[in-house]
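**Student:** The following block contains the structure, expressed as structure tokens.
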């Protein structure tokens, strides 16, 4: 996964060696979210807690961790510029010189 992210950033000409820690944290949070998701699928978003005082329903701790991991993933992706909105912000507009483009029309017709 690390190599895929680095290759993507290289492709975008945005990769810096200082991104390593952010990439590692992103991968960690993705794996954490996956583990929590599996737990949630098995046990649900709420669990029943039984104590001497009785039973109650509470939020599954895995659900809380999952939500925190998703927020971290979004933040880390934004830092790396790999969300769709950030990729659009990072793109340098290239002059379109495909057939029929304004540039080509100007070349052909002055």
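The values are calculated or read from the model by the stated rules, or taken from the named source; none is laboratory data. Please read these numbers as outputs of a predicted model, since none were measured by experiment. Every residue, glycine as well, gets a Cβ built from its backbone with ideal geometry; the counts of neighbours run over all protein chains shown.
**Student:** Considering only the range 84-102, I want to know if a residue exists there that is touching a helix residue (DSSP H, G or I) at 6+ places or on another chain (Cβ under 9 Å), surrounded by 12 or more Cβ atoms within 10 Å (Cβ to Cβ), in a helix (DSSP H, G or I) and at pLDDT 85 or above.
**Tutor:** First, the residues of the range 84-102 that are touching a helix residue (DSSP H, G or I) at 6+ places or on another chain (Cβ under 9 Å): 85-86, 95-98.
Restricting the remaining residues to those that are surrounded by 12 or more Cβ atoms within 10 Å (Cβ to Cβ) gives 86.
Then keep just the ones that are in a helix (DSSP H, G or I); that gives 86.
Narrowing further to those that are at pLDDT 85 or above: none.
No; the residues of the range 84-102 include none that is touching a helix residue (DSSP H, G or I) at 6+ places or on another chain (Cβ under 9 Å), surrounded by 12 or more Cβ atoms within 10 Å (Cβ to Cβ), in a helix (DSSP H, G or I) and at pLDDT 85 or above.
**Student:** Can you tell me which of 49, 56 is touching a strand residue (DSSP E or B) at 6+ places or on another chain (Cβ under 7 Å), modelled with pLDDT of 90 or more and exposed (fewer than 13 other Cβ atoms within 10 Å of the Cβ)? Outline the logic, then answer.
**Tutor:** Details: 49 fails: modelled with pLDDT of 90 or more.
Selected residue: 56, the only one of 49, 56 that is touching a strand residue (DSSP E or B) at 6+ places or on another chain (Cβ under 7 Å), modelled with pLDDT of 90 or more and exposed (fewer than 13 other Cβ atoms within 10 Å of the Cβ).
**Student:** Do you know which residues across the range 7-39 are assigned to a helix (DSSP H, G or I), touching a helix residue (DSSP H, G or I) at 6+ places or on another chain (Cβ under 7 Å) and in contact (Cβ under 8 Å) with a residue 60 or more places away in the chain?
**Tutor:** Going through the range 7-39, the residues assigned to a helix (DSSP H, G or I) turn out to be 7-11, 17-39.
Now drop any that are not touching a helix residue (DSSP H, G or I) at 6+ places or on another chain (Cβ under 7 Å), which leaves 9, 19, 22-23, 25-27, 29-30, 32-33, 36-37, 39.
Hits for the range 7-39 are 9, 19.
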